[in-house]
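Please read the structure below before turning to the comments.
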Amino acid sequence: MASYTVPSRIETERVVLRRYGTADAEALTRVALEAAGAELLGIEHAPSNERSAAVPRRLGFAAGPPSTMTCHDSGEQIPSVSWRATRETLASEPLASAPRPRIFDAAGAELEWPA
């Protein structure tokens with residue numbers, strides 16, 4: 001399995017404080033699937049955390065298979081909930097119309113998006 005490094009700094013043109021987590025996830029999804037070339041992106045969260053579940057749901061992620069990762073939830077270690085996105089997810093709303101964030105390398109030089 002290949003690994004990918006997400007650029008060290010991302011700026012988005014649109015920041016809505018109430019949905020800051022969604023804006024971050026939206027930007028990172030585009031970077032991972034478009035700029036870094038990942039084929040699959042996953043989000044994991046505790047089953048009881050509805051706010052965390054709302055982020056991938058709003059972005060069009062699909063519910064993933066039962067997770068092999070665990071998390072501390074309601075006082076016990078239990079399997080986390082998983083969500084998945086692929087490059088095809090980028091063609092659907094809301095990601096299809098989301099602006100591409102500016103991306104930078106570790107030295108601070110701005111990177112170009114792949115054609």
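Values quoted throughout were computed directly from the atomic coordinates according to the rules given, and no laboratory measurement underlies them. Small disclaimer: the values here were computed from a predicted structure and weren't measured. Methodologically, a virtual Cβ is constructed for each residue, glycine included, from the backbone with ideal geometry; neighbour enumeration extends over all protein chains shown.
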Spin-label model distance (nm) - Ala96 vs Glu112, 7 Å beyond Cα toward Cβ: 2.8 nm
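What FRET efficiency, computed as 1/(1 + (r/R0)^6) with R0 = 25 Å and r the Cβ-Cβ distance, is obtained for Ser48 and Arg84, rounded to the nearest 0.05? Walk me through the numbers on the way to the answer.
Details: r = 20 Å, r/R0 = 0.82.
Rounded to the nearest 0.05, the efficiency is 0.75.
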Positive-pole candidate from Gly75, Leu41, Ala98, dipole of region 12-99, charges at beta carbon: Ala98
Rounded to whole Hz, the Karplus (6.51, -1.76, 1.60) HN-Hα couplings of region 25-35, x for glycine and proline: 5, 4, 5, 5, 4, 4, 4, 5, 7, 9, 6
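Provide Glu34, Glu112, Glu88 in ascending order of the number of other Cβ atoms located within 10 Å of each residue's Cβ, fewest first. Don't jump to the answer; show the numbers that get you there.
Values: Glu34 16, Glu112 7, Glu88 10.
By the 10 Å Cβ count, ascending: Glu112, Glu88, Glu34.
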